Every structure is written in C-alpha cells, then in structure tokens.
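Read the structure below first, then the notes.
The values are calculated or read from the model by the stated rules, or taken from the named source; none is laboratory data. Keep in mind that what you see is a predicted model, and the values were worked out from it rather than measured. With ligands, DNA and RNA removed, areas are computed over all heavy atoms of the protein, side chains included. Shrake-Rupley method; radii C 1.70, N 1.55, O 1.52, S 1.80 Å.
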Amino acid sequence: MRKLTYILLLFAFFAQGQIINPVKWKTKVVQKSETEFELVMDATIENEWHMYSQFTPENGPLPTVFDYKNAKGNFTLVGKTKESAYKKVFNDIFEVDEYYFANTAQFKQIIKVTNAQLKEVKVYVEYQVCKEQCIQQDATFTFKLPEIKPIVADSQSVETPLSEVNTTDSTSINKENSSIENSEDSKEVVVNETNSEEKEEEKSLWGIFILAFLGGFAALLTPCVFPMIPMTVSFFTKQSKTKAAGIKNAFIYGISIIVIYVGLGMIITALFGIDSLNALSTNVWFNVIFFVILIVFAASFLGAFEIVLPNSFLNKIDRQADRGGIIGIFFMALALAVVSFSCTGPIVGSLLGESARQGGIGPIVGMLGFSSAIALPFMLFAMFPGWMNSLPKSGGWLNTVKVSLGFLELAFAFKFLSNADLVLQTHLLEREVFLAIWIAVFGAWALYLFGKLILPHDSPMTHISVGRLFVALFVTTFTIYLIPGLWGAPLKILSGFTPPMTYSESPYGVGYQNTVSSGVSSESALPENAHIGPLGITAFHDYEEGLAYAKKVNKPVLLDFTGHACANCRKMEENVWSDAEILKILKNEIVLISLYGDDQRELPKEEQFVSKSGSEVTTIGKKWREYQIERYNINAQPYYVVLDTEGKDISKPVGYTPNVEEYKTWLQEGITNFKK
C-alpha cells in the first residue's frame, strides 16, 4: 500500500510540473538561384494555442523575432522574413490588436550567399505562445546548405531534407529532435489555412469594403462630385438615341469608374507586395508620411487652399473623352476622377492607408467599395432619370460636408502619428496628449456645426438645418465622452484606437495618488529595491532581494512567474487580485516577488551564463525562465507559489486561476502553513 502511495505522489508531481511544448517545427532549404536560397520554417501549433506574428503591435503579446546568426561575411538577407496569413483580433486587456497564428504558421526568408564555402546557416527564433497560460520559447535552427551549383534547366527547386525540431523548453532544442531526417522523398510543406482563419480574413475584408463604401458615399456629397451627377446623367440621356442606349452608356461609365479605382488599388498592391503591405503599415516612416499627407488634405478640406492637378493633364483627358464610344466614356470617367481629386483624394488616401493595415488584397477591396459607391448613383439615375428631381439642390451644405471631412482627416492624421510614436516608444504622443488633441478637434467641429466657427468658403447663415443640428449634437456628445479618458476612463468604444492606458503620463488616470500600502503613498516609502506593482502592491523583481526583505519583515513570499505581454497575468491582476480581501492580503500579509519571463533587458556580462540545457542566458527574462524550468519543470505564466523566508515551497503551485474564491482559499492556505 505504501508503494502505491509513493507512485501516486510521484505521478501527481509530474502531472503538476511539466514542460509545456505546444509548437513543433520543421525546416528546409529551397535553392532559388545559383546563390540564392529560401529558408523555410513551418510551425505546427497545438489546438487552442496561439503563436504571435512578427508584426504584433507594441504593448501587446511578444512578437516572433528572427536573428540570422552567421550572416556577416557569409550571406545577406533578401527582403524581410515573410509569414503566412494570421488572425487579427482585438485584445481588451492590452487594448491593442493581436496578430496571431492558430494551428499552423510558416516563415520564409531568402538569403543571398556571398561566401561560396558556406556550409550552414544558423537562425535563432524567439516567440510567445498563449492559451490559458503564456510561454516564452526560443529555438535555434541549423540549415545545411547544398553545394552551390547552377539551377537545372527546368528551374526546379533543389531542396534539402526536412529537419524536425521539438522545442522541449523555452530555451533550447533537444539534440535528438534537431537532427536532420534523411528522407529522400521529402516534399515542400504547404500550409493550409483553417476555416476559422479564412472566416476571420473574410470578415476583415468585408469591414474594409463597408468602410470604403461609406467613404465613397461621403465623397459623393462633396462639392466636387455631387453637382456632376445630374450633369453627367443628362449628357448620357440626351446624347443617346434611345433610353436603352443611355442606360448602357451610363452603365459603362459606372464600370469605368470602378475599373479606374480598383486599378489604383492593384497598383498599390503590386508596388508594395501582398505580403509586405501590413509590415509597411507598421513602419514608422509610412505612418509619419501619412500623417503629413492627411494634415495637408485636412487643410485643403477646411479651405486653406485647393489641391488641383495640372491643366495640361486635364486637357489631354478631355480630348480623349471627346472620341466617343467605349474609350471616350472611359476617359469621361477618368476625367471625373481627376477633376474631383481635390475632394476624393484625401478620402482615397485615408482608405488606402487603413486598408494597408489589413494587408493582402485590402487596397483592392477598399477601392472596390469606394468606387462602387461613386458609380452607383450615376447608373441608377440613368435608369430612372425621374429620381433626379428628388435630389437636393447644390448649395452651402456641400461645403459643410467637405469641412466636416476635413475635421475627420485631421483626427485620423494623429492616429497615424500615434502609431509611429508607439513603435519608437518616444512617449511624445501619450494617451493624455492624444485625447486632448481629439477633444480639441471634435470640439472645434461641434462649434463649426453650431455655426460658431466660420471658415473661408462658408456662405452667410441665418439658421442651421435640423439635420446639421443632429450631427452637431452627436459630435458634441462624442467630445464630452472623450473628456473622462483624461482621468483614466477606459473609453471602450475607442479601444485599440487610442494609445493604451499603460502608454500614459499617469497610467491610473490624471490626478490619481497611488498607494503602496495602507496609508502609505509615493515611491519614497517603498522598501529598498522594491517597485510599485499592479494595483499599488509593493513588488520585487529580483528573487534574492525579495527573499531578503521577506526575512527582514518575517512574511511569506508569493512567487509570481509573470510576463509583461501575458494576457492571463493581467486578467488575474485585474479580476482576481483586485478582490478586496485578496488585495488586502497582497498589500499587508505577504511579500510579492514578480519575475518577468519576457524582460528583454540584457544581463550584465558577468551575470550571463550557459544553462544546463546548453542555451546562452543573456537577458533578465531568460534568467527567470531558466529558473522556473529548473525549479518547477514548467515554463508557463502565470504561475504562483507561496514560499517561506528560506525560499522553501509551503503551498502547491497553481497556474491561471480565474475563480476568486478558489485563489483566495489557496493563498490563505499558504499563509496558514507559514504560521505553523
């Protein structure tokens, strides 16, 4: 019976402590030319686990990062590392979009060999995977290059055999799994997207289409386009010999508009590439340039100046439009696009910038939606010319629409600047500053709609229409909604659009006095080497320093293995630790030691070491990940243990525990064990 008990205890230990390994890798090399090779890395991800893209925004989960170790003097990278399609979902914990892979992911990098004697290429990859817990993992791949030789006549790729890698912990690869499989019939791996990924991508594209369609409808109501509707439709109906011919010509005219704008989207996609559009949208210079462009467009909409294309260009298009037939109608549509550029250009520019964030065929879909909205009324009014009598007459309201679009352009411009600021982490456009700018912009728009602000091209006004009043009230309401955000209100309607709360002068809200314990406030009251942690809890980020303080005050330790980019760690802090009784315990009865496994700060040279698994430990995060693995044989966050003042475990470790009562009971048991 005693033996059976020992076996059960041993089984329970291994069931609790284990290295979680949700990602399995396969690699291969494909020769593309005499000196160019494509390194292919395929990841198979266990069900319900997510691995994050290279392009995941700042302040969210950790992105996947590739480091090509022996490049100097041996090879150069051709472009950036490409990756397969990912899902894009908003994370309400970090208030940013997550870009992640489910089930499979593929990464490709083309290299150009400059050293003919090169035999192998080493690639180090670091990434994060999350389910209920988050794991920081890394792996090193060794790609064996085939002998450099000319490509055969039929241009078939020369492939090296697949090598399969299991990441057995967050820092290394088992030798038995990193060996190359000498399989002669290895084929290129094709990553099949799951149905959920396809649905997510389809949903995003539909969102772009609807947004662009609304943008096209807004463009219709500008002074550059709206007056053209009755003029153009009258031309087709009068010049055509029959009603059917007029409808046909108007239909060709509408299709030509769609072809012109969709062609623009195709050119953008072709110039920058389907795979690189999203990477471009996260580029600092891309966002800064778009900020400047939108500021210029906003100034034009507000009446500072008109953006006009050269007359010589317009005259050439007009001459082509006089040719008649399908070609003439096409050039009439092109003339509309060119003449209305001062009104449609800013909207098109904004749509292209936003659709670039989706990547892929986003710009094409965006231009399809925009041009469909522009073309639709021309075709409908040609079919039913009587409807034109119901159109409102051109007047000052068109300028009001144009100016309103100018205010929107101005607001969106600062979103692009905010993206650049977040990437650079300059903290020049933190949440409070961003919200202050938006409050000023939308407040000015409200004043304009109420007739209290007059701009250059406005007509004299004795009253405002009911429609304008409703819009003014809506904009005023939105402006008032923004104001509490300065004091820490979450502004959930704008989640993911404004900078996150953590990117703020005062993460707890303007004027908030943070307390670290009962009746104590400010950093100066903290113990030596301690920090203000989540919810104002005193926390240590170094194990030895925290343990020394626990001995000094004779309190148990809560050892918290966590991560800056760990969503479930934040959920525990916000939903469980925030409970009044638990928070009281964490502030007064226990010493919190939070060890961040994703801390990318480099260790001092004298503290760097090689782990038992043979991996180089060069960062603070890797140090604590190695410590967690060696002590508890597990590599997931969050992970909690209660220790005594000698560093011995006095509780059974637990992971993600969202039930408040369950976590409270566990915490109190640990404290009770300490007092025995």
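Just a few scattered comments:
- Remark on LEU453: its backbone amide H falls under 5 Å from those of TYR448, a criterion applied only to residues 5 or more positions apart or on other chains, H modelled at 1.01 Å from N.
- Only Cα pairs under 8 Å and 6+ residues apart enter the sum, and on that basis the relative contact order of the range 14-128 stands at 34 percent.
- The range 598-676 - percent relative contact order, Cα under 8 Å, separation 6 or more: 19 percent
- Euclidean distance between Cα centres, the range 97-129 to the range 590-609, Å: 27 Å
- Pairs exceeding a 23 Å alpha-carbon distance, out of LYS69/LYS131; LYS26/LYS122; LYS623/LYS648: LYS69/LYS131.
- A straight line joining the Cα centroids of the range 569-583 and the range 53-78 runs 35 Å.
- Rounded to the nearest Hz, the phi-derived 3J(HN,Hα) couplings of the range 470-482 under the Karplus curve 6.51 cos²θ - 1.76 cosθ + 1.60 (θ = phi - 60°) are 4, 5, 4, 5, 5, 5, 4, 4, 4, 4, 5, 4, 5, where x marks glycine and proline.
- J(HN,Hα) series, the range 118-131, from Karplus relation 6.51 cos²θ - 1.76 cosθ + 1.60, nearest Hz, glycine and proline x: 5, 9, 8, 10, 9, 10, 9, 10, 10, 8, 10, 10, 9, 9
- When all protein chains stay in place and ligands, DNA and RNA are ignored, the 1.4 Å accessible-area order of PHE370, PHE470, largest first, is PHE470, PHE370.
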